[in-house]
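Notes follow the structure.
The values are calculated or read from the model by the stated rules, or taken from the named source; none is laboratory data. This one's a predicted model, so the numbers in the text were calculated from it and none came from an experiment. Reconstructed Cβ throughout: ideal geometry from the backbone, glycine too, with neighbour counts over all protein chains shown.
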């Protein structure tokens, strides 16, 4: 049986960029808030009663260069709007379902769609004893594909037997078909409940 261990290959779209931007914005806001708190408390020798919130030099510059300040504010707002829109599009774009290219010495390269691969793996998985339904999706990239399996098990199914048969038959066949020694796979098992019976 193939060794089972956590995979370092992501099986879905990573959220590292979104998390990094959120953490960066959070740290920036924290620093600005801390600086405002320190200045406002008078810890730097500046007392709140003796100094306005807005620096007089900044206020005077804004009055003297009202049109330039308006253009700078407009451009900054436009840049922030475009960045926010781009970020929203990136976060909401559909996850990739890669097609796979199989190399054969006789027939040359063969392109197999992700839907065809998912359907083949689903058909094999539903033949495993104890599996009632299966749902399969491809993820990753065309060079490093991965699988997501959701299996609905029948009541009383032997989970250990399902796991072993799934690896020995379904996943082994998928690896051979793709010509790969490893195929990162996420498996979710669901236990179907028995239908409720009325008491007469």
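Details
- So residue 14, is it on the phi > 0 side of the Ramachandran plot, in a loop (DSSP other than H, G, I, E, B) and at pLDDT below 75: no
- All positions within segment 139-167 that are more than 21 Å from residue 116 (Cα to Cα) and part of a helix (DSSP H, G or I): 159, 160, 161, 162, 163, 164, 165
- Scanning segment 110-153 for residues that are over 18 Å from residue 169 (Cβ atoms) and crowded, with 19+ Cβ neighbours inside 10 Å returns 114, 137, 138, 139, 140, 145, 146, 148.
- Residue tally, condition on the phi > 0 side of the Ramachandran plot and in contact with a strand residue (DSSP E or B) (Cβ under 9 Å, 6 or more places away or on another chain), over segment 154-192: 1
- Among the residues of this structure, residue 73 does not count as one that is at pLDDT 75 or above and under 33 Å from the mean Cα position of the chain (by Cα).
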